[in-house]
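Structure, as structure tokens:
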Amino acid sequence: MDKKVCVIGLGYIGLPTAVMFANHGLKVHGVDINENAVKLINNKQLHIEENGLQERLNKAIDEGNFTVSTKPEQADVFIIAVPSPINEEKKANLDYVREATKSIVPYLRNGNLVILESTVPPRTVEDVMIPILEETGLEIGEELFVSHSPERVIPGRVFEELVNNDRIVGGINEKSSEMTKNLYEVFVKGTIHITDATTAEMVKVIENTYRDVNIAFANELAKISENIGVNVWEAIKLANYHPRVNIHLPGPGVGGHCIAVDPWFLVELQPDVAKMIHLARTINDGMPAYTANKVKQLFAEKRIAHGRVAILGLAFKGNIDDMRESPSIEVIHHLEKLGIDYTAYDPHIKENKLERQTQNLEEAVNHADLILILTDHNEFKEMLPEKIEGMRSKMILDTKNCINRFAWEKAGFTVVTLGDSKNLHKI
Ligand code: SAJ
């Protein structure tokens with residue numbers, strides 16, 4: 001394919017997508033408002049981490065297929081992959097999408113295609129982007145083609161998933177969908193499903209909302225289980241043997257930039273209807289406080305007056321180095337409110353970003369009364385209780401059910417698992 005693609009936004013999605021097209025022989029121009037990112041990429045350096053990205057970027061630049069700057073260029077296809085976060089009021093902030101769309105208006109020509117990849121509230125293409133694109137004077141759907149094709153990849157496995165996942169393509173008309181499908185077919189091996197733009201927006205948002213509601217259900221089951229003497233992890237595992245049941249897992253909260261954000265788009269659109277979705281968000285957002293209160297309760301039961309906690313895990317999920325929007329930060333806020341002292345440790349967060357963070361497990365557990373596991377990193381799953389020294393009291397609260405409780409109990413630890421009251425009588 002001898003098309004030229006201009007990618008706006010060179011973050012976790014835009015940069016891998018851009019180099020993917022370039023590696024398949026298309027001419028790609030990448031654009032980012034972050035001058036530092038542009039400078040780095042031009043020097044074949046990365047401002048984000050992703051497996052396999054470095055070698056693909058090198059190849060793209062060496063073959064002369066990838067240029068980067070802070071300004072768009074004329075092209076056949078424009079792909080927008082910018083952030084679409086929520087603000088303090090839990091309302092969608094579409095400023096980046098608006099600005100990115102405006103930025104390409106002067107470069108658009110008859111026959112061009114514009115694809116939005118960012119996750120957005122349904123109707124954004126129709127109600128926010130189209131009015132801006134009309135400023136080109138081109139007839140939308142006849143001279144200028146537009147579609148939404150949401151990214152659905154998971155950080156760490158982006159290149160594998162870009163190729164193998166099914167892809168949703170929603171055009172504002174049939175021609176737009178067809179052109180978008182032809183483009184992604186350059187590297188996508190999964191099935192490309194065609195629909196309209198608003199349905200495509202809805203599909204992406206409900207995928208993440210499904211997970212959020214399901215996790216809220218699991219968290220509620222965890223609380224019920226604690227009150228009635230059941231181990232929720234065992235109960236969920238057994239229930240999931242049913243061929244039509246797929247319950248997710250409880251935890252100290254839901255982090256990341258997707259699952260905890262996208263459901264709010266539906267709440268904002270239809271507040272009177274989206275009641276269960278709203279409640280699920282509230283339940284999941286309540287888990288950090290629930291976890292902190294559990295620590296307080298354990299200290300009270302053990303009559304520990306000025307208890308200290310060793311927090312293990314700051315990333316928002318296991319085996320990644322991303323602590324933005326992490327429930328651990330919220331747990332820490334609640335511990336602080338309760339006046340509970342702590343030291344935090346995460347082997348994947350190699351810089352101290354918090355005041356009471358250490359790069360050393362020994363230092364974190366030294367003089368602690370309780371180990372609080374908030375992230376299921378492999379390092380924590382494999383941690384040996386015999387190696388833990390210097391604790392004031394030997395207690396561990398595992399919110400991810402990821403340690404071998406028998407090994408820890410054998411080493412003299414009181415082991416408490418979120419969602420499991422079966423062993424609480426031992427305290
Ligand atoms: N979590 C639970 N219980 C579970 C599963 C997850 O408490 O059973 C928590 C995690 O600990 C984490 C949060 O939820 O804090 C989100 O983790 P995640 O792995 O579900 O999702 P993300 O945010 O890393 O990535 C998701 C992906 N969606 C799915 O796996 C369905 C990815 O495919 C999407 O592209 C991405 O959101 C996105 O951009 O929307």
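Please treat every number below as a calculation from the coordinates, not as lab data. These numbers come from a predicted model, not from an experiment. No Cβ is skipped: glycine too gets one built from the backbone with ideal geometry, and neighbour counts run over all protein chains shown.
One table, with the values for the structure above:
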| read-out | value |
| --- | --- |
| Hydrodynamic radius of the chain per Kirkwood, over alpha carbon pairs, in Å | 23.5 |
| Modelled FRET efficiency - R0 51 Å, R157 with A305, Cβ distances, 0.05 increments | 0.65 |
| Helix-only CD estimate at 222 nm, as mean residue ellipticity for the chain, using -39500 (n - 2.57) per DSSP H run (n ≥ 4) | -11000 deg cm²/dmol |
| Contact order relative to length of the chain, as percent, for alpha carbon pairs under 8 angstrom and 6 or more apart | 11 |
| Along each principal axis, Cα extent of region 205-284, largest first, Å | 39, 28, 24 |
| DSSP beta bridge pairing in the chain, given as percent antiparallel to the nearest 5 | 10 |
| Candidate lysines - alpha carbon under 20 Å from K27, same-chain residues fewer than 8 apart omitted | K3, K4, K39, K44, K59, K71, K181 |
| With at most 11 other Cβ atoms within 10 Å, longest stretch of the chain clear of loop GluC sites (Glu not before Pro) (DSSP) | 143-350 |
| Taking the convex hull of Cα positions in region 269-356, its mean projected area over all directions (nm²) | 7.5 |
| Separation of the K296 and A239 label points, Cα + 7 Å toward Cβ, nm | 2.8 |
| Positive dipole terminus of the chain, leading residue within G255, L279, L298 (C-beta point charges) | L298 |
| For region 167-257, size of Cβ-based charge dipole, Lys and Arg +1, Asp and Glu -1, in debye | 200 |
| Alpha-carbon radius of gyration plus Dmax, which is the widest Cα pair, for region 157-202 in Å | 10.6, 32 |
